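The values are calculated or read from the model by the stated rules, or taken from the named source; none is laboratory data. Every value quoted in this text rests on a predicted model; they were computed, and no experiment measured them. Here the Cβ positions follow ideal geometry from the backbone for every residue, glycine too, while neighbour counts run over all protein chains shown. Protein only, heavy atoms only, side chains kept; ligands, DNA and RNA dropped before computing areas. Shrake-Rupley method; radii C 1.70, N 1.55, O 1.52, S 1.80 Å.
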Amino acid sequence: MITDFTQLSLHPQLVQAVTEQGYTNPTPIQAGVIPLMLAGHDVIGQAQTGTGKTAAFALPMIHNLEPHQKLPQGLVLTPTRELALQVAGAMTEYGRHSGARVLAVYGGQAYGPQIDRLQRGVDIIVGTPGRLIDLIERKVLNLSQVHTLVLDEADEMLSMGFVEDIETILSSTPFTRQTALFSATMPAEIRRLAEQYMNNPQSVSIQRDQVTVDTIEQRFYLVRENNKVAALTRLFEVEEISSALIFVRTRIETGDLAGELTARGYPAEALSGELSQDARERTLNRFRQNQIKVVVATDVAARGLDIDDISHVFNYSLPDDPEIYVHRIGRTGRAGKTGIAITLVSPLERRRLGQVEHFLRKKIQQASIPTEEDIRAHREQLLANKVMVWLKRGRCLNERAMAERMIAEGFDALDIAAAALKVARAEEKQRPIYPIQAVQETRPEPKPARKSSEPLRRSVNQNSFEPGMLRLQLNIGRQQGIKPGEIVGVIAKRADIPGSAIGKIRIQDNHTFVDVPEEMVQHVIARTRDVSIRKMRMDLQLA
Ligand code: AMP
């Protein structure tokens with residue numbers, strides 16, 4: 001077992017550089033990868049940021065440099081400008097006593113200085129695929145002498161659509177090169193790239209920190225793609241959010257969604273890989289200090305975001321890879337707190353949700369988007385609570401004097417109170433409740449033909465628009481403080497059916513409507529008899 005940098009047979013200049021960095025021992029990915037790369041093998045490293053993966057490929061790459069060459073001998077591909085800069089910075093540090101000349105190239109930067117540096121001679125190039133292709137096409141980048149090539153965060157590069165560029169770059173380098181690929185996840189496309197472009201690669205896999213999802217309440221809402229913003233705003237109304245991170249697919253979406261939410265009265269900010277390091281840090285600090293409650297981010301931009309107090313993670317869309325889902329939701333439920341992970345699932349994403357559930361070996365509970373009535377009732381409840389606080393404190397001397405003057409002018413006390421409440425609610429006008437259309441879901445499971453028993457036929461419900469569902473009425477409602485999650489929980493547990501099988505839940509003042517698949521109705525009614533919920537005996541009957 002390697003526990004010391006001196007055991008790795010690296011040049012002493014490199015050992016000196018890492019010692020100066022304050023590193024005492026190699027990390028597991030370094031102990032695994034460095035000897036393999038020094039022995040000339042192609043390597044696949046499954047490791048995330050934070051494991052020390054940069055030094056794992058940087059040190060052998062620098063070790064193998066021939067002095068006094070003009071053309072690049074090492075090439076590192078990264079998905080983003082930030083990562084290119086970060087890797088090039090680390091390489092420069094590690095290579096400071098070895099005289100390694102490192103250049104970062106990325107889009108948005110002027111070509112002149114990059115071309116100048118290339119002409120003066122560079123040992124290692126770190127760059128984003130797009131800009132590398134540009135430089136190759138301009139015939140200012142010659143990759144014919146590259147003997148070590150690294151694909152860093154390969155999964156991110158693929159999900160950003162760089163696969164063709166990567167293949168072009170791979171084909172522009174010598175066939176005899178050594179190739180190392182690092183990726184947090186190993187989707188099929190990466191395995192294909194490895195098979196095609198790597199030579200008998202050796203794998204080193206570092207167990208990711210086991211993300212525990214046990215402290216996270218996971219729910220999903222089935223909603224049309226074009227109703228997702230409306231659904232989010234409705235959820236923001238009723239969820240107790242202290243801070244929320246919303247994941248979207250693309251950089252463009254971060255800005256669009258943050259703008260859309262802000263315009264609808266729910267201030268949000270975008271965090272995208274496009275931001276300068278400074279701007280990103282500023283946004284993160286404000287998020288950390290709770291000056292911003294809602295941040296919209298891509299997976300790439302949220303990398304390294306380390307904040308313990310996130311109450312909610314929203315998946316505005318489902319990621320392609322279930323591991324990324326787990327990684328995203330692991331941002332909440334930390335430091336002993338319970339977190340909530342909410343996923344908006346369009347009918348098209350339904351199948352992918354199944355893959356996530358399969359990966360988690362756990363069903364994610366389906367819930368219903370709060371109705372307009374729910375939201376109005378919730379708003380009234382919040383206002384009533386606030387008023388109650390002041391009624392109990394009883395220290396509104398100035399306001400009381402104002403009310404007395406109005407009464408002296410002849411106004412009725414009740415009218416004054418009502419008008420004051422109206423004024424207090426004025427800000428609600430900034431947050432209209434947007435309509436949401438019902439989803440016509442085609443349920444994946446085939447249904448057994450319904451037996452035409454009399455009570456069921458009678459109750460084929462007029463309002464039940466989801467095919468195959470029947471509506472039940474529960475004797476408990478809003479006034480008893482019931483929540484949709486509790487109803488799903490009790491029914492799913494008692495009747496031993498997946499929560500996702502339960503359909504729409506509409507909480508009314510004193511009762512609740514619950515939609516249940518037709519073929520489960522009798523079973524559900526039978527199994528929930530004599531069960532208590534909120535200290536009341538539950539009575540579930542056909543509506
Ligand atoms: P990376 O996963 O390459 O982004 O590295 C994560 C952090 O770990 C960086 O701040 C490195 O400077 C640091 N690091 C890398 N290798 C070591 C090591 N052997 N000992 C201590 N810190 C390290």
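A few comments on the model shown:
- Surface analysis of the stretch 374-418 yields an accessible area of 84 Å² per residue, using protein heavy atoms and a 1.4 Å probe.
- Quotient of C-alpha Rg and 2.2 N^0.38 Å, computed over the stretch 130-195: 1.11
- Computed label-point distance, nm, for sites residue 309 and residue 19 using a 7 Å Cα→Cβ extension: 4.3
- Each Cα pair under 8 Å and six or more residues apart adds its sequence gap; the mean of these over the residue count of the chain is a relative contact order of 11 percent.
- Accessible-area order (highest first, 1.4 angstrom probe) of the listed residues 94, 106, 434: 434, 106, 94
- Largest to smallest in accessible area, the residues 251, 131, 361 fall in the order 361, 251, 131 (1.4 Å probe, all protein chains included).
- Shape of the stretch 213-372, Cα gyration tensor, a/c cut at 1.5: rounded
- For the chain, with +1 on Lys and Arg beta carbons and -1 on Asp and Glu, the positive-most of 175, 151, 48 along the dipole: 48
- Lys, Arg +1 and Asp, Glu -1 on Cβ, resulting dipole of the chain about Cα centre, debye, nearest 20: 1500
- Projecting the Cα atoms of 218, 276, 325 onto the charge dipole of the chain, computed from C-beta unit charges around the Cα centre, puts 218 farthest toward the positive end.
- Per residue accessible area in Å² of the stretch 213-372, where ligands, DNA and RNA are left out and the probe is 1.4 Å: 42
- Note on residue 214 and residue 407: their simple-model spin labels are 5.8 nm apart, each label 7 Å out from Cα toward Cβ.
- Modelled FRET efficiency - R0 35 Å, residue 249 with residue 387, Cβ distances, 0.05 increments: 0.25
- Considering only 473, 71, 11, the residue lying farthest towards the positive end of the dipole of the chain is 473, judged by Cα position with unit charges set on Cβ.
- Taken along the Cα-to-beta-carbon direction at a fixed 7 Å, the label points for residue 117 and residue 96 span 1.8 nm.
- If you bin all the Cα-Cα distances of the stretch 464-543 at 5 Å, starting from zero, the percentages per bin are 3, 17, 31, 30, 15, 4, 0.
- Overall Cα dimensions of the chain, principal axis frame, Å, largest first: 92, 69, 45
- Summing Cβ point charges (Lys, Arg +1; Asp, Glu -1) relative to the Cα centre of the stretch 213-372 gives a dipole of roughly 260 debye.
- Degrees between helix 397-408 axis and first principal axis of the chain (Cα, 0 to 90, nearest 10): 40
- Helices in the chain, meaning DSSP H runs of at least 4 residues, each add -39500 (n - 2.57). Divided by all residues, the mean residue ellipticity at 222 nm is -12000 deg cm²/dmol.
- Assigned charges on the beta-carbon of Lys, Arg, Asp, Glu; the stretch 5-205 dipole about Cα centre (debye): 480
- Atom-type composition of the exposed protein surface of the chain places 51 percent of the accessible area on carbon and sulfur (1.4 angstrom probe).
- The slack in the chain from residue 39 to residue 525, taken as 0.36 nm per residue of separation less the alpha-carbon distance, amounts to 168.2 nm.
- Computed over neighbours whose Cβ is under 12 Å from that of residue 270, the net charge equals -3, Lys and Arg +1, Asp and Glu -1.
- Cut-off 14 Å, label 7 Å out along Cα→Cβ of residue 11, residues of the stretch 92-112 by amide N: 92-102
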